[in-house]
Amino acid sequence: MNGKPKLQMLQQKENANSENISLKNSHEGHRERLRKKFTGNPHSLFDYEILEMLLFYLFPRKDTKPLAKNLLQKFGNLKSVVQASENELKRMP
């Protein structure tokens, strides 16, 4: 067996590692950027960003953007999310 399959596997693994590092770097500082946006001009925030910031306190080490967007999709708007019952919220994936 020649070295090509091993080389291809190593290249694929390296590419996957690079993608993970890029993804981590794109998320790095996200919460701080949102806080600055909020303190600078709170009216410029989208509803999902406001909800995302509220979720920071429930999930201190988790990306909250997907959950915020899912909640808004299910309930329709920020007010409905905030007014949702505990049982409704618990049913979210």
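The values are calculated or read from the model by the stated rules, or taken from the named source; none is laboratory data. Source: prediction; values computed, not measured. FYI the Cβ positions are ideal-geometry reconstructions off the backbone, even for glycines, and counts take in every protein chain you see. The area values use the complete protein model at the heavy-atom level, side chains included, leaving out ligands, DNA and RNA. Shrake-Rupley method; radii C 1.70, N 1.55, O 1.52, S 1.80 Å.
Hey, can you rank 45-58, 28-41 by average C-beta count inside 10 Å, highest first?
In decreasing order of mean packing, 45-58, 28-41 become 45-58, 28-41.
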Express in Å², to the nearest 10, the accessible area of Ser85 obtained by rolling a 1.4 Å probe over the protein heavy atoms while all chains stay in place.
50
Note down the net charge around Thr64, summing +1 for each Lys or Arg and -1 for each Asp or Glu among other residues with Cβ under 11 Å from its Cβ.
+2
